[in-house]
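What follows is a short report on a single structure.
Nothing in this text is a laboratory measurement; each read-out follows from the coordinates by a stated rule. From a predicted model like this one, the values you see are computed outputs, not experimental measurements. FYI the Cβ positions are ideal-geometry reconstructions off the backbone, even for glycines, and counts take in every protein chain you see.
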Amino acid sequence: MWKGLRRTVAAVSPHPQADELVDHLVATTPLTASEARRVIEDVVAFHAEPVEAYVRRRHQELKTYGAKNPEIFARLHQELGARVFAAPDLSERQLRRLIYR
């Protein structure tokens, strides 16, 4: 499902609190330090997906399950506003341009 989204944290500048987060995960979960780093890398990569790629991917996923464009655009608009790193407020026209250009 998330094929092609994986990126390494090396591509993203290291966050100064990364070691603190690794320590927290190791202390509060059964994860090892290397597993905790891997989880953090995956979460950062997931949230680093560009808005355009996210819109295209989600549009295709929703169409696959039979959703129609008016429903899809409303849902995309809602989803984008709820992302951890919120995307700009895109109109339906802007969403269409991202998909069909």
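Brief remarks follow.
- Using only side-chain charges placed at the Cβ, +1 for Lys and Arg and -1 for Asp and Glu, the dipole size of the range 51-100 relative to its Cα centre rounds to 160 debye.
- Spin-label model, residue 52/residue 74: points 7 Å from Cα along the beta carbon direction are separated by 2.9 nm.
- Residue separation of residue 91 and residue 35 scaled by 0.36 nm, minus their Cα-Cα distance, works out to 16.2 nm of gained length.
- Under the simplified labelling scheme, the residue 23-residue 60 pair shows an inter-label distance of 4.2 nm, with each label point 7 Å from Cα along Cα→Cβ.
- Two-site label geometry, residue 43 and residue 67: point separation in nm, points 7 Å out along Cα→Cβ: 2.5 nm
- Of the chymotrypsin sites (Phe, Trp or Tyr not before Pro) in the range 11-101, the ones in a loop by DSSP (not H, G, I, E or B) with at most 16 other beta carbons within 10 Å are 65, 85.
- Residue exposure sequence - 84, 26 - by fewest surrounding Cβ within 10 Å: 84, 26
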